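To start, the structure under review is shown below, and the notes come after it.
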Amino acid sequence: MTHQPPSAEPTRQLEDDKIIVTRWDFAPGAETGWHRHPHDYIVIPLVDGVMRLHTVEGFHESEVKVGISYRRLAGVEHNVINAGEGYFAFVEIELKASREEK
């Protein structure tokens, strides 16, 4: 029998014509599942943790610190995994293109 890792829990906090704000909560070992962002986005960690990013190119692990934000561009297919031993959470802000930018 194959071990199925727990799923991270997304909570959509806000969405309008400019942004999407989602809080992600991870138990140890939890993952988002494979997905691709249609928008550039910013991640704001709410606790210190170890994130493992799985892409088609392989795995990349990094320590993240509470309040130290980073950004990524749209389009990369990936799966985010809580590689730490404790609970982990972050807020993700996706930046929708304005009508003037299209």
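Laboratory data are not the source of any read-out in this text; all were calculated from the coordinates shown. Not measured: the values here are computed from a predicted model. All Cβ positions, even for glycine, are placed from backbone atoms using ideal geometry, and neighbour counts span all protein chains on display.
Working only within segment 67-99, note down all residues that are polar (S, T, N, Q) and over 21 Å from residue 28 (Cβ atoms). Quick ask: steps written out before the conclusion?
Narrowing segment 67-99 to residues polar (S, T, N, Q): 69, 79, 82, 98.
Result: 69, 98.
So that you can scan it fast, the table gives a plain yes or no per residue for (1) within 28 Å of residue 97 (Cβ to Cβ); (2) of a type in the set (Gly, Ala, Ser):
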{"site": "12", "(1), (2)": "yes, no"}
{"site": "22", "(1), (2)": "yes, no"}
{"site": "30", "(1), (2)": "no, yes"}
{"site": "34", "(1), (2)": "yes, no"}
{"site": "44", "(1), (2)": "yes, no"}
{"site": "47", "(1), (2)": "no, no"}
{"site": "52", "(1), (2)": "no, no"}
{"site": "56", "(1), (2)": "yes, no"}
{"site": "60", "(1), (2)": "yes, no"}
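For the subset of segment 71-100 comprising residues that are among the charged types (D, E, K, R) and surrounded by 13 or more Cβ atoms within 10 Å (Cβ to Cβ), which member is farthest from residue 53 (Cα to Cα)?
96
Of all residues in segment 12-46, how many are without any contact (Cβ under 8 Å) to a residue 60 or more places away in the chain, of a type in the set (A, V, I, L, M, F, W, C) and either within 20 Å of residue 94 (Cα to Cα) or surrounded by fewer than 12 Cβ atoms within 10 Å (Cβ to Cβ) (or both)?
So the answer is 6.
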